[in-house]
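One structure below.
The values are calculated or read from the model by the stated rules, or taken from the named source; none is laboratory data. Note that this is a predicted model, so its numbers are computed, not measured. When we count neighbours, we look across all protein chains shown, and the Cβ atoms used for this are built from the backbone with ideal geometry, even at glycine.
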Amino acid sequence: MQLIKLLINGKEYEVAVKKNWTLLYVLREVLDFTGTKCGCNTNDCGACKVLIDGEAVNSCVVLAHKAEGKNIITIEGIAEGSKLHPIQEAFIETGAVQCGFCTPGMIITTKALLDQNPSPSRDEIVQALDNNLCRCTGYVKIVEAIELAAKRLRGEA
Amino acid sequence: MKNKKLVYVGNNRPIRDAALKVTGQLQYTADMKFPHMLYAKMLFSPVAHAKIKKIDTSKAEALPGVKAVVTYKNSPRIPYNSSMRFYEHKIPETEYLFDDTVRFVGDRVAAVAAESLEIAEKAIRLIEVEYEELPAVFDPEEALKEGAPEIHPGGNKVAEIKTEAGNVEEALAQADYVFEDRITVPAIHHCAIETHVAIATYDSRGKLTVYSPNQNTFAFRIIISKVLEMPMSKVRVVRPAIGGAFGGKLEAVIEPVVALLAKMTGRPVKMELNRRESIVSTRTRHAGVFYIKSGVNKDGTLVAQDFRVILNTGAYATSALNVSGAMSHKVFKVYKTKHMRFTATPVYTNTPIAGAMRGYGSPQAFAAQQIHLNRVAKALNMDFVDFQLKNLVEPDGVDPRFNSPHGNPRPLDCVTKGAEAFNWASRPKTEEQGRFKRGIGMAIGSHGNGCFGAHRDVTAMVLKMNEDGTATLFTGTHDMGNGTVTAETQVIGEILGIDPENIECIEADTEATPWNLGDYASRGVFVSCNAAKKVAESVRREILKEAAQLLEVPVEELDLVGGYAVSTKDPEKKATLCDVIVHGQRVNQREIIGAETFASPAGVTSYGAHFAEVEVDTETGKVKVLDYVAVHDVGKAINPMYVEGQIEGAVQMGIGYALTEGLELDEKGKVTNNSFKKYHMLKASEMPRMQVLLVEEGEEPGPFGAKSIGECSTVPSAPAVVNAVSNALGIDFKDLPLKPERILKAIQVQK
């Protein structure tokens, strides 16, 4: 076991990890950040995405000790207290949420996209979702949600 | 109540738990932990068919931290069927918790419960098994041949189910033309993003509680109490949030094993399958081989149709009879044809178990029928839309077998509306630009609304009023994210004149909610929302009684509007629901509560028509779906936004069924595309432009005229896409999925 420090949602956690533990495992099983989901553990579905220094990354393929010193944001860190982020509101309003299992990962991907590109085209949105699988929605309302969130964050709606 | 303007039914409403889902606060089963919880792992068979000659668990048991190792040697040997739905359900019982024979790669051999997942994984690797391999068979037609390896005593044919109307032979003989096709559809996997997971606890009182994301808590209770020989009062099944199901969580797959481990250890036990295990060892949609014969006249009238289908049910019976039976009925619901026959033969093979999956037989039957009829229409030189319009049932149509009405079937409206939105008539049928060929295709489909006619179809509910005029609903509905419970609150809100937001819901728990048959067969709207309506009407009557006394006006004069009981004659005479409920408590010393059982009175049918444009790259064989229109006859949309959501998701699944999905086995029976990397479900970038339209002409017995959408939505999708590809290339494809290799091969043969 190795003692490491992880900066998650602005707070520092000291945690003992094994070398082969992934960030996903530490988030869910050690620190109880269970909003981050596991759908495949093979880097294919995006349910486990977190922001690492602003990039949306699958936490199932990041070793926990490699995330030391980085700024990690999980789905629990998107809202401000009980005030939802405009991306979250847009997902709710457009009906982009069904079973909800892919939703945290989708929102993390959206956050990274809109932080970097406030006016993405439809093509840029679906490209950004290339590593996020959903079996419920056909992605239609997820794309709509992202368009609505982008508009609102630009102050246009 | 009639002719009243609807306030909540017909609204676009986010699902009730959406805020919990976007924040990560909602607890799914995998997110739950109990003090001193053990972690379980399963050992799955690496061979397709074998007798377990020797199994040595001593090394695993000796590993520190291992609390239980279970195999066929130390588990109860009680046969069961994991798809049992109700207490005396008679279906073949071919499963055991563990058996001394394995019948497919992925079959259960042993399970371990240990202090940590790491220890459980290590222990599994320490179990030594010697297999005496037996001959295996993977193809259902091969499995039917004489001398084929026998998978269960009595042979591989589970049953033969036949249903017919009119005189098929005579009608075929008299038809101008007869067309025949052999069409095959693959096994596909549900791919819910949440894998199978369950937690069981067992306490010192001998009480077992099982938490699992499942579609049928009450049936799971029956199965678990049977295999563990426990009274039902000592077995509780709870459904936390479900991270997608699509039928894959309708059967008790891992729950009986997890329950056994908890009982053996007296500790909470959690088992979470990984993706590979979920794909290989849980359930699939039945693969099938269809032989279809159609008699048609020169003018395009379909006069007779004969289906013979061999269904691959995999290694165990589970849903074999249920799916074959359901499939047999569907094709009698769509065309005016009086002479039809459907013969289904489910067959055991040494392949993953086929079970329930969205559509429950309809996606297979309509894929085969619609691909076949597209070819028939072409051969008659008739536009496929015209063929549909000539033959589809009219609103007063009947099932030719019983002369019973279909309800208010609107497939014609779906086709007409869709053809117009898609510009079917004016759009070029095919286009060619260098190596790219484009084409358009369409298909229709249908699905039912519950189990009426097959067996009991019942949902019970309890609804009680709170002092402030809000309400609490106790519902056995297993919402899978499709919004059934939200729809129930809209229906109740409409009847009671209160905002659905003010109705809190306790869901699917065998000890907290009344009995429900389970969430399958597209029962959610037609049956369970009807139950919600019935219980709300019962509570409404009680509220009105109290209000009449409080306001001193006759009951008949009162209505419930916007949180008030109000006189329809004198709007000044009104009281808040709070005043009414408190009046009941204070003056009459009573609770306003309703408990009702609703039994479905009818088997009505939902319909849809899908239109697709595709582009085929003739060099790579890749198909892109460019444009899509889906129209569905839903009677009345209670929550249109979520009806659309069902259809949009169903199209993703349908295009996958047509083009990219399908389990692939190697020569030893091992699934080779056992990961999301290799099992190709569609990504956002692969989805077409899509327009969804609804036909809302009302279905009399449905709640506010509503009928189902969840399963019907995926039925016409795959054949619409396959027909578009066939039309684009001028090749009649008869085997799904149309992966690039298959398309390239067909282009070569064509040349």
Using the structure shown, decide if B:Phe676 is part of a loop (DSSP other than H, G, I, E, B) and away from every other protein chain (no Cβ under 12 Å). no
Those residues of segment A:133-157 which are facing chain B (nearest Cβ under 7 Å) and in contact with a His (Cβ under 9 Å, 6 or more places away or on another chain), in sequence order: A:Arg135
Among residues of segment A:46-76 being touching a residue at least 60 places away in the same chain (Cβ under 8 Å) and surrounded by fewer than 21 Cβ atoms within 10 Å (Cβ to Cβ), the residue nearest to the other protein chains (Cβ to nearest Cβ) is A:Glu76
Only one of (1) over 18 Å from B:Pro363 (Cβ atoms); (2) surrounded by fewer than 23 Cβ atoms within 10 Å (Cβ to Cβ); (3) in contact with a Gly (Cβ under 9 Å, 6 or more places away or on another chain) does not apply to B:Asp299, and that is (3)
Considering only residues that are of a type outside the set (A, V, I, L, M), part of a loop (DSSP other than H, G, I, E, B) and touching a residue at least 60 places away in the same chain (Cβ under 8 Å), which ones fall in segment B:586-603? B:Glu591, B:Ser600, B:Pro601, B:Gly603
If you go through segment B:74-94 one residue at a time, do you hit one that is without any contact (Cβ under 8 Å) to a residue 60 or more places away in the chain and not in a loop (DSSP other than H, G, I, E, B)? yes
Could you tell me how many of the residues in segment B:217-241 are under 21 Å from B:His190 (Cα atoms) and in contact with a helix residue (DSSP H, G or I) (Cβ under 9 Å, 6 or more places away or on another chain)? 4
Would you be able to say whether some residue in segment A:113-132 is away from chain B (no Cβ under 11 Å), out of contact with any Ser or Thr (no Cβ under 8 Å at 6 or more places or on another chain), surrounded by fewer than 22 Cβ atoms within 10 Å (Cβ to Cβ) and free of Cβ contacts under 8 Å to residues at least 12 places away in the same chain? yes
When you check B:Phe526 against the structure, is it of a type in the set (Phe, Trp, Tyr), over 27 Å from B:Asp579 (Cα atoms) and under 25 Å from the mean Cα position of the chain (by Cα), yes or no? yes
Subset of segment A:83-111 [assigned to a helix (DSSP H, G or I) and at the interface with chain B (Cβ under 7 Å from one of its Cβ atoms)]: A:Gln88, A:Phe91, A:Ile92, A:Glu93, A:Thr103, A:Pro104, A:Ile107
Would you mind telling me which numbered condition in (1) surrounded by fewer than 23 Cβ atoms within 10 Å (Cβ to Cβ); (2) touching a Lys or Arg at 6+ places or on another chain (Cβ under 7 Å); (3) more than 24 Å from B:Ala252 (Cβ to Cβ) B:Glu511 fails? (3)
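Per-residue answers, yes or no, for (1) in contact with a Leu (Cβ under 8 Å, 6 or more places away or on another chain); (2) over 22 Å from B:Asp519 (Cβ atoms); (3) modelled with pLDDT of 95 or more; (4) β-branched (Val, Ile, Thr):
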position	(1), (2), (3), (4)
B:Glu697	no, yes, yes, no
B:Ala706	no, no, yes, no
B:Glu711	no, no, yes, no
B:Pro719	no, yes, yes, no
B:Val722	yes, yes, yes, yes
B:Ala728	no, yes, yes, no
B:Phe733	no, yes, yes, no
Can you tell me which residue in segment B:658-673 is farthest from the other protein chains (Cβ to nearest Cβ), limited to those that are within 22 Å of the chain's Cα centre (by Cα) and not aliphatic (A, V, I, L, M)? B:Gly662
Any chance you could count how many residues in segment B:330-387 are among the β-branched types (Val, Ile, Thr) and under 30 Å from B:Asn674 (Cβ atoms)? 6
For the subset of segment A:9-45 comprising residues that are touching a residue at least 60 places away in the same chain (Cβ under 8 Å) and more than 9 Å from chain B (Cβ to nearest Cβ), which member is surrounded by the most Cβ atoms within 10 Å (Cβ to Cβ)? A:Asn9
Test: B:Ala60 is in contact with a helix residue (DSSP H, G or I) (Cβ under 9 Å, 6 or more places away or on another chain) and under 29 Å from B:Ile127 (Cβ atoms): yes
Starting from segment B:16-32, take each residue that is closer than 17 Å to A:Lys83 by Cα and list its partners that are among the aromatic types (Phe, Trp, Tyr), counting only C-beta distances under 7 angstrom and pairs at least six apart or across chains. B:Val22/A:Phe91
